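A.B. asks: Handing you a structure now.
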Amino acid sequence: MPILLFLIDTSASMNQRTDLGTSYLDIAKGAVELFLKLRARDPASRGDRYMLVTYDEPPYCIKAGWKENHATFMSELKNLQASGLTTLGQALRSSFDLLNLNRLISGIDNYGQGRNPFFLEPSILITITDGNKLTSTASVQEELHLPLNSPLPGSELTKEPFRWDQRLFALVLRLPGVASTEPEQLGSVPTDQSAITQMCEVTGGRSYCVRTQRMLNQCLESLVQKVQSGVVINFEKTGPDPLPVGEDGLMDSSRPSNSFAPQPWHSCHKLIYVRPNSKTGVPVGHWPIPESFWPEQNLPSLPPRTSHPVVRFSCVDCEPMVIDKLPFDKYELEPSPLTQYILERKSPHTCWQVFVTSSGKYNELGYPFGYLKASTTLTCVNLFVMPYNYPVLLPLLDDLFKVHKLKPNLKWRQAFDSYLKTLPPYYLLPLKKALRMMGAPNLISDNLDCGLSYSVISYLKKLSQQTKLESERILASVGKKPPQETGIKVKNHSGGGVPMAHHKNFRKLLKEITGETVLRLTELNPKEFAGFQVGLLNKDLKPQTYRNAYDIPRRCLLDQLTRMRSNLLKTHKFIVGQDEDSLHSVPVAQMGNYQEYLKTLASPLREIDPDQPKRLHTFGNPFKQDKKGMMIDEADEFVAGPQNKVKRPGEPNSPLSSKRRRNVPVTHDVHEEKMENEQSPPDGFLSNCAPTELMNVTGDGIPPNQLDSLSDDFTGLRKDGLIHKPGNNALIEGAKSCNLSVDDQKLAVTSTLETVPNSLQITPAMAQGINADIKHQLMKEVRKFGRKYERIFILLEEVQGPLEMKKQFVEFTIKEASRFKRRVLIQYLENVLEKIDSHHLLNNVNHINSRSSC
């Protein structure tokens, strides 16, 4: 669950105006709202927690903390005002203390027991400031200083006020007050030169120098991408540089390595991504990163640790070791000069071991606890975290399973006991769990010792209790307003000691508000608001707040009875005493509170196969496929026009489509039987190509004034093929598709037309729209996988127009089928095309013979 804390500069300098007329504070508020909208695109944002901190004195600087919802956050954001000093250091300290409030209670830092990357609360601290001088009540400061004293118990256990899963980003507003005539420079946003930049880099973040509104939007897009689950680690090189690699990927000892020249990849301060488990949604791990000291029983107190562990890597190429069933943790490194250097070496089958100084008892550098290795595809670099001193453990476990068959001898046990002596005590429990997962015998004693003294353990418990009390005190002060300066009090003797209720004007105003007296219109000045009419008080309009059911007037009984029945039977999903009308009566300030609504929704189901690439989200239709790799011709551009935005008469849900399909003589059964025998569709496909039979399916036309009532004639269409006409109790049987001859089909159509007197006459414009819809559906059907082509031939049967029009549609379908390599479909369509040509030729011969006989 990412935590997003916004630190807004509320000093008086934020009242300065830009060239657009807006103040810096208004721009900061708009930037926060835009960030939330951009973040809401990610489904993972449903679990985000938002906090708001200002430059006020603590604890009044915390406007929204751990317990406040999104509505409170937005309300406090809109009510911010710029006044006071630029106390950035104190505000940062208060922000980090707010983030660290529950860490000692939850034990997430695990002091003295190793650092677990999978125990984290990923936090992004975004501060928006103007970058001016840092001021205090004493002086103007040139450098940024955070107060050392913190009210939070246990803060002395970490040297810095932040933690390794907390990063600081700064938006420094440098917008000019006068519009600039120079063209805006495109590209990346540079870092700012203010005092906060160094603080951002220390935490693993960065600052942005914002000079235009476009740059601000670009920075917000970048910040949304920075919301990642991970921890920051200092990677530093130890030992000599590796030998350069030649173009063939082999070591080239003849080339100089420049071991003594500092390189950017020698020291990197970057993030490692800690991905959540696809099933549980939380990170899962097995092995910690070792502490920089050896825990002993006589240790009086824990030494303070640095926020970011210093992990040293040796550039000696080693074999990546792993055995079956032994768990390990894999973390991807954020792109950096170190990852670029490792990937450029193109050695995915070698690795560099990593160490933590002073983590071992007998070795200053410590023993390796993992290694850095490039991925096989050379796309990223991963940190593999293994058991401590794994080069000794893995061969022992391999012999235990393959040589000793889980029955170790005395020599193996002695070697294993020697390994345990080099192991920090906090590694014993995860190693015991790993051996149990592998099915190995119990090789470690059940009486595990964490390595910490009794005084240290008692001190940590005491700190946890103190943190709970301090947490309750800080959370109770969230949202409280700072006390206003009263100044000099002056007594007012103008009232002569008479109470306000005894004033004549007050009593008169009170009667007018309560409705006891009507407001005199003569007292109003109609010239002050010309064109407006004063609404008179209507005493009949009173709020419906009946506490007793017998107080309801008789004329309001039916309206109130509906509400009472709804509350009594509880047939709604709202709270008791709230009906549908009052549910939608939401204040304007809460109308945009979509975050609270998202929290009430059920969690989305996980993907069946998380390795599959996610479907691209496209505007308007989330199920639309990416068409970049697909050919597009004129037909696609034609369909993309307004035709598929308006519901055409030929669509399946349209009554015209149902009417037209009842007159189609070709049936699905006949068509399927012919297709199985590898024959062309039956003659019925060509039998209704005459324009007169298709363009006018009725004997009588419909006057234009009756077209508006046409839809009412089809509202009674049911699944059983019966038509129920409004205003008529008779049921009319529609013509069903069946295996009939051409004569029988004409008879069925005639009977239908006799039964339904007011049928539709298809105009040329309607026929053109129907054909456009058929063309669109043909393209969709051809793209479908499989060999179910019945729908395609049914669509071809419904083409409106002469025989030449149907021929064009068949040729268009063949063209579409060739794009997607539908060879079987092309054969069927070519048979249809030959049938149409032969039929067309036969009609021409008959026409010539008839003319010659005449």
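A.B. asks: Considering only Cα-Cα distances, which of the following residue pairs are longer than 23 Å: Lys270/Lys330; Lys279/Lys405; Lys788/Lys835; Lys37/Lys330?
C.D. replies: Lys279/Lys405; Lys37/Lys330
A.B. asks: Could you give the length gained by full extension between Tyr597 and Leu420, i.e. 0.36 nm per residue of separation minus their alpha carbon distance, to one decimal place?
C.D. replies: Gain on extension, Tyr597 to Leu420, equals 58.4 nm.
A.B. asks: Which percent of the accessible area of region 47-109 is formed by carbon and sulfur heavy atoms (probe 1.4 angstrom)?
C.D. replies: 45
A.B. asks: What's the FRET efficiency of Leu605 with Arg791 using the Cβ-Cβ distance as r and R₀ = 25 Å, to the nearest 0.05?
C.D. replies: Efficiency, from the Cβ-Cβ distance: 0.25.
A.B. asks: Modelled label-to-label distance, Asn102 and Ala549, 7 Å Cα→beta-carbon offset: nm?
C.D. replies: In this crude spin-label approximation the distance works out to 4.5 nm.
A.B. asks: Then there's this: Beyond 24 Å, what share of the Cα-Cα pairs of region 1-112 remains, rounded to the nearest whole percent?
C.D. replies: 31
A.B. asks: Return the distance in nm (one decimal) between the two label points of a simple spin-label model at Glu319 and Glu472, each offset 7 Å from Cα along Cα→Cβ.
C.D. replies: If labels sit at Glu319 and Glu472, their model points lie 6.0 nm apart.
A.B. asks: For Tyr454 and Lys37 in one chain, what is 0.36 nm times their gap in residues minus the Cα-Cα distance, to one decimal in nm?
C.D. replies: Length gained, Tyr454 through Lys37: 145.1 nm.
A.B. asks: Moving on. Here are some pairs, Lys133/Lys481; Lys226/Lys373; Lys432/Lys462; Lys226/Lys462; Lys325/Lys346; which of them have Cα atoms lying more than 31 Å apart in this structure?
C.D. replies: Pairs exceeding 31 Å: Lys226/Lys462.
A.B. asks: What's the extension gain from Asp837 to Tyr362 if we count 0.36 nm per residue and subtract their Cα-Cα distance?
C.D. replies: Residue separation times 0.36 nm, minus the Cα-Cα distance, leaves 161.6 nm.
A.B. asks: How fast does region 331-430 diffuse by Stokes-Einstein, in µm²/s, taking the Kirkwood radius from C-alpha pairs at 10 °C and 1.306 mPa s?
C.D. replies: In µm²/s, the coefficient is 103.
A.B. asks: Counting only other residues whose beta carbon sits under 10 Å from that of Leu4, what net charge do I get with K and R as +1, D and E as -1?
C.D. replies: +1
A.B. asks: Right, another one. By per-residue mean of other Cβ atoms within 10 Å, what is the highest-first order of 316-325, 282-291, 776-785?
C.D. replies: 282-291, 776-785, 316-325
A.B. asks: Also, I was wondering about something else. Which part of region 768-807 falls in the paramagnetic zone of Ser818, meaning amide N under 12 Å from the point 7 Å along Cα-to-beta-carbon?
C.D. replies: Answer for this model: none.
The values are calculated or read from the model by the stated rules, or taken from the named source; none is laboratory data. Bear in mind that the values here come from a model prediction, so they are computed numbers and not experimental data. Neighbour counts are summed over all protein chains in view; Cβ atoms, including those assigned to glycine, are modelled from backbone coordinates with ideal geometry. Protein only, heavy atoms only, side chains kept; ligands, DNA and RNA dropped before computing areas. Shrake-Rupley method; radii C 1.70, N 1.55, O 1.52, S 1.80 Å.
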